[in-house]
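Below: the structure, in structure tokens.
The values are calculated or read from the model by the stated rules, or taken from the named source; none is laboratory data. Nothing here was measured: the structure is a model prediction, and the numbers come from that model. Here the Cβ positions follow ideal geometry from the backbone for every residue, glycine too, while neighbour counts run over all protein chains shown.
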Amino acid sequence: MSINELVQTLDDVAGSLEGKGLLKEAHDIDIISNTLEKFAKRIPPGDDRPSPVFSDKDPKVKDGKDHFPIPDKNHARNALSRVNQYSEAPDWWDGSLEELKNKVVKKVKSKYPDIEINIESYK
């Protein structure tokens, strides 16, 4: 199996875990997938998670990690899906759930304006 195939498999597993409400586990798998992408030179050196909605430097991020990478449309759609599964603000976020969702939607809309977003489903 190639690294690209392994990355795709890990992304599929993360998506499945998200669908089951296992967000922390999906996040952990996503970190592994991004690390493999980095080794495959699909992510530029020095970038652990390209184009995150919330970087590790964001003052509202409490765990010092990047969250919701959106380097492409597939990741952007995944971020929208993942953020909409939260019923309360995650432990790593120092703010309201509404604020978290609004920032993800706003960043995705600004980076990928052709992705259709039903704003009502994020309220």
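A few notes on this one:
- Only one of the numbered conditions (1) at pLDDT below 80; (2) in contact with a strand residue (DSSP E or B) (Cβ under 9 Å, 6 or more places away or on another chain) is violated by P52, and that is (1).
- Residue check for A79: free of Cβ contacts under 8 Å to residues at least 60 places away in the same chain and assigned to a loop (DSSP other than H, G, I, E, B): no
- Test: E18 is surrounded by 15 or more Cβ atoms within 10 Å (Cβ to Cβ), at pLDDT below 85 and not in a loop (DSSP other than H, G, I, E, B): yes
- In summary, Y122 fulfils each of the numbered conditions (1) closer than 29 Å to E5 by Cβ; (2) modelled with pLDDT under 90; (3) touching a helix residue (DSSP H, G or I) at 6+ places or on another chain (Cβ under 7 Å) with the single exception of condition (1).
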